[in-house]
Amino acid sequence: MKNSSSICENLRHLRIVNVVGARPNFMKMAPIIEAMNRYPERIRHILVHTGQHYDEKMSRAFFNDLGMPRPDIDLEVGSGSHAEQTARIMVEFEKVCLREKPDLVIVVGDVNSTMACTITAKKLGIRVAHVEAGLRSRDMNMPEEINRLCTDVLCDYLFTTDRFANENLRNEGVPEKKIFFVGNVMIDTLLKHREMASRLNLMDQWGLEPGKYATLTLHRPSNVDDRATLEGILEALSEIARDLPIVFPIHPRTRKMVEQFGLSHRLSNGNQVRGIWVTEPLGYLEFLHLNMNARMVLTDSGGLQEETTVLGVPCITLRENTERPITCEEGTNVIVGNRKENILAAARKVLQGGISQGKVPEKWDGKAAERIVKALLAVEDL
C-alpha cells in the first residue's frame with residue numbers, strides 16, 4: 001500500500017477521505033474534488049483509490065482525462081471474488097481511517113468499494129456520505145443492488161440524482177433530514193468536458209461520420225457469462241451492423257468470454273465499413289466524443305443511460321431493468337433486455353427515427369458537486 005502524509009489536524013477544517021474504486025467512480029468524484037478545492041480554508045481532503053479496477057486503460061488513465069490528482073493512497077486490492085475483494089478493501093481501508101482520523105468519508109456509486117468503505121468507516125464511528133444514493137433496480141441478482149441497499153442504510157448523508165431516488169429512500173423509511181436532492185455529478189463531468197471531447201479528431205482518424213455509426217458497451221454477467229445469451233446478443237448486433245457499423249471498446253471480461261465461447265468470428269478488428277469494430281477500452285474523452293456523435297448507443301451500463309439522456313442520443317439498454325428510470329421517463333433510454341428480437345426491434349425503431357430525443361432531468365445542470373459541498377459544510381456547521 002502506498003502511503004501519504006496525514007490530513008491536516010487543524011480542527012477548523014472538515015477532514016474528508018474521498019473514495020474511488022472503479023472506472024465510473026472517477027467521473028463522479030472528479031467534480032466533487034474540484035468543488036472542495038474552492039474551500040481550502042474549510043476543507044482538507046485526501047483521495048483513496050482502492051484499486052478495485054487496476055487495468056491502466058480501465059481506470060488509471062481516467063485520472064489524466066479528468067484532470068484529477070493522483071490518489072494520495074492506493075490500496076491496490078486488485079480482483080477476486082466479491083467476498084475476497086470486499087474483505088481486502090475493508091482490511092486496508094480500516095488502516096487508512098485509523099491513521100487519518102477523518103470527520104467524514106465520501107463514497108460514490110454502487111461498487112464493492114462503496115459498500116466496503118461505508119461499513120468500515122461506520123464501525124469506526126466515522127460519518128459517511130453517499131453520492132448517487134437511492135437508485136434501485138429491484139433486482140437482487142445484481143451485486144450493485146446489494147451494495148446500494150447496504151450503503152444507504154448506513155450512511156449519514158444521502159445525495160440523490162432524481163425524484164425516483166428520493167421516493168425510494170422515503171419509502172424505505174429514511175429520515176427526510178438525511179436526503180439531499182443535488183442532481184447528477186456524472187453530468188457535471190460530462191458538461192465540463194463536452195467541448196474538449198468535441199475537438200478530438202476521431203471521426204477522420206477512424207473513418208467515421210457523425211450519426212452513421214453506433215457505440216456499444218457490454219460487460220454484465222447476465223449478458224456475457226452464458227454462451228447462448230452472449231451469442232444471441234452478438235447475432236443481433238451483427239444484423240444491426242449491416243446497416244450501421246458498431247464501435248465496441250471491449251471490456252476485458254467480455255473479451256475473455258467471447259474467446260472462451262468461440263465467438264470471436266462475430267467481431268471485427270480494425271476499421272470496417274460494416275461490422276462490429278472491436279477496440280481496446282477507451283479514455284473518457286475519446287468515448288464521450290464517440291457517444292456524442294453516435295446514431296445510437298447500445299449498452300448494459302448504468303452511467304451511459306444518463307449520459308445519452310443529456311447528449312440527446314438514443315440509448316438501447318440490454319438489461320431487464322434499470323436503477324435509473326428517469327432516463328426512460330424523461331430521457332432517451334429504452335430497456336429491451338437481451339433477447340435478439342427485442343434488440344433488433346429497438347434498433348430498427350431508432351434507424352427509422354422512432355425514438356424521442358427526450359429532455360434533461362431536473363438539476364442535471366453541472367452544479368451537483370457544488371451543491372454537495374455546500375450541503376456538507378452546512379450540516380457539519382463549518
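The values are calculated or read from the model by the stated rules, or taken from the named source; none is laboratory data. Bear in mind that the values here come from a model prediction, so they are computed numbers and not experimental data. Note: ideal-geometry Cβ built from the backbone for every residue, glycine included; neighbour counts use all protein chains shown.
Do we find that residue 136 is touching a helix residue (DSSP H, G or I) at 6+ places or on another chain (Cβ under 6 Å) and among the basic types (Lys, Arg) in this structure?
Numbers: touching a helix residue (DSSP H, G or I) at 6+ places or on another chain (Cβ under 6 Å): yes; among the basic types (Lys, Arg): yes.
Yes, satisfied.
When the range 81-97 is examined, which residues are found to be touching a helix residue (DSSP H, G or I) at 6+ places or on another chain (Cβ under 7 Å), within 24 Å of residue 27 (Cα to Cα) and surrounded by 14 or more Cβ atoms within 10 Å (Cβ to Cβ)? Lay out the reasoning, then the answer.
Pass one, the range 81-97, residues touching a helix residue (DSSP H, G or I) at 6+ places or on another chain (Cβ under 7 Å): 82, 85-86, 89-90, 93-94, 97.
Okay, now just the ones that are also within 24 Å of residue 27 (Cα to Cα), so 82, 85-86, 89-90, 93, 97.
85, 86, 89, 90, 93, 97 - these are the residues of the range 81-97 that are touching a helix residue (DSSP H, G or I) at 6+ places or on another chain (Cβ under 7 Å), within 24 Å of residue 27 (Cα to Cα) and surrounded by 14 or more Cβ atoms within 10 Å (Cβ to Cβ).
Give all pairs with beta carbons closer than 7 Å in which a residue from the range 312-338 that is over 21 Å from residue 290 (Cβ atoms) meets a residue that is assigned to a loop (DSSP other than H, G, I, E, B) and β-branched (Val, Ile, Thr); count only pairs at least 6 apart in sequence or on separate chains.
Short answer, once both residue conditions are applied: 328/322; 335/322.
Please give the helices (runs of 4 or more DSSP H) falling wholly within the range 273-343 in which 1 or more residues are closer than 19 Å to residue 165 by Cα. Lay out the reasoning, then the answer.
On the way: elements: 284-292, 303-311, 326-329.
Correct list: 303-311, 326-329.
Just need a number here: residues in the range 102-161 that are surrounded by fewer than 21 Cβ atoms within 10 Å (Cβ to Cβ) and among the hydroxyl-bearing types (Ser, Thr, Tyr).
1
Among 91, 111, 96, 107, which is without any contact (Cβ under 8 Å) to a residue 40 or more places away in the chain and either among the β-branched types (Val, Ile, Thr) or touching an Asp or Glu at 6+ places or on another chain (Cβ under 8 Å) (or both)? Spell out how you get there, then give the answer.
Numbers: 111 fails: without any contact (Cβ under 8 Å) to a residue 40 or more places away in the chain; 96 fails: without any contact (Cβ under 8 Å) to a residue 40 or more places away in the chain; 107 fails: without any contact (Cβ under 8 Å) to a residue 40 or more places away in the chain.
After ruling out the rest, the residue left standing is 91.
Of the residues 297, 258, 313, only one is outside the structural domain of residue 24 (by TED's automatic domain parsing) and over 27 Å from residue 29 (Cβ atoms); which? Walk me through it before giving the result.
Numbers: 297 fails: over 27 Å from residue 29 (Cβ atoms); 313 fails: over 27 Å from residue 29 (Cβ atoms).
From the options 297, 258, 313, the qualifying one is 258.
Condition first: of a type in the set (D, E, K, R) and over 14 Å from residue 73 (Cα atoms). Now tell me which residues in the range 87-106 satisfy that. Full working, then the answer.
Just the residues of the range 87-106 that are of a type in the set (D, E, K, R), to begin with: 88, 92, 94-95, 99-101, 103.
Within the range 87-106, 88, 101, 103 qualify.
Filter the range 286-299 for residues that are surrounded by fewer than 21 Cβ atoms within 10 Å (Cβ to Cβ) and in contact with a Lys or Arg (Cβ under 9 Å, 6 or more places away or on another chain) and give the result. Explain how you work it out, then say what you get.
Within the range 286-299, the subset surrounded by fewer than 21 Cβ atoms within 10 Å (Cβ to Cβ) is 286, 292, 295.
Result: 292, 295.
Pick out the one residue from 222, 198 that is more than 17 Å from the chain's Cα centre (by Cα), among the polar types (S, T, N, Q), in the same structural domain as residue 290 (by TED's automatic domain parsing) and farther than 30 Å from residue 141 by Cα.
Numbers: 222 fails: farther than 30 Å from residue 141 by Cα.
One residue alone meets the criteria, 198.
Pull up the range 64-80, narrow it to residues that are buried (at least 16 other Cβ atoms within 10 Å of the Cβ), in contact with a helix residue (DSSP H, G or I) (Cβ under 7 Å, 6 or more places away or on another chain) and under 30 Å from residue 191 (Cβ atoms), then point me to the one that is modelled with the highest pLDDT. Walk me through how you get there before you give the answer.
Restricting attention to the range 64-80, the residues satisfying the condition of being buried (at least 16 other Cβ atoms within 10 Å of the Cβ) are 65-66, 68, 71-75, 77.
Restricting the remaining residues to those that are in contact with a helix residue (DSSP H, G or I) (Cβ under 7 Å, 6 or more places away or on another chain) gives 65-66, 68, 73, 75, 77.
Subset that is under 30 Å from residue 191 (Cβ atoms): 65-66, 68, 73.
Working: 65: 78, 66: 78, 68: 77, 73: 95.
For the range 64-80, the residue satisfying everything is 73.
Quick check on my filter: what residues within the range 30-47 are within 23 Å of residue 99 (Cβ to Cβ) and in contact (Cβ under 8 Å) with a residue 24 or more places away in the chain? Can you show your working first?
Restricting attention to the range 30-47, the residues satisfying the condition of being within 23 Å of residue 99 (Cβ to Cβ) are 32-33, 36-37, 40, 42-47.
Result: 32, 33, 36, 42, 43, 44, 45, 46, 47.
Out of everything in the range 361-382 that is more than 18 Å from residue 187 (Cβ to Cβ) and in contact with a strand residue (DSSP E or B) (Cβ under 9 Å, 6 or more places away or on another chain), what residue ends up being surrounded by the most Cβ atoms within 10 Å (Cβ to Cβ)?
Step one: of the range 361-382, the residues more than 18 Å from residue 187 (Cβ to Cβ) are 376-382.
This time we only want the ones that are in contact with a strand residue (DSSP E or B) (Cβ under 9 Å, 6 or more places away or on another chain), so: 376-377, 379-380, 382.
Values: 376: 26, 377: 15, 379: 16, 380: 15, 382: 14.
If we take residues in the range 361-382 being more than 18 Å from residue 187 (Cβ to Cβ) and in contact with a strand residue (DSSP E or B) (Cβ under 9 Å, 6 or more places away or on another chain), then 376 is surrounded by the most Cβ atoms within 10 Å (Cβ to Cβ).
Among residues belonging to the range 165-199 that are among the charged types (D, E, K, R) and closer than 20 Å to residue 27 by Cα, point out the one that is surrounded by the most Cβ atoms within 10 Å (Cβ to Cβ).
Start the filter on the range 165-199 by keeping residues that are among the charged types (D, E, K, R), which leaves 167, 170, 172, 176-178, 188, 192, 194-195, 199.
Imposing the further condition that a residue be closer than 20 Å to residue 27 by Cα reduces the set to 188, 192, 194-195, 199.
Values: 188: 26, 192: 16, 194: 16, 195: 8, 199: 8.
Filtering first and then ranking leaves 188.
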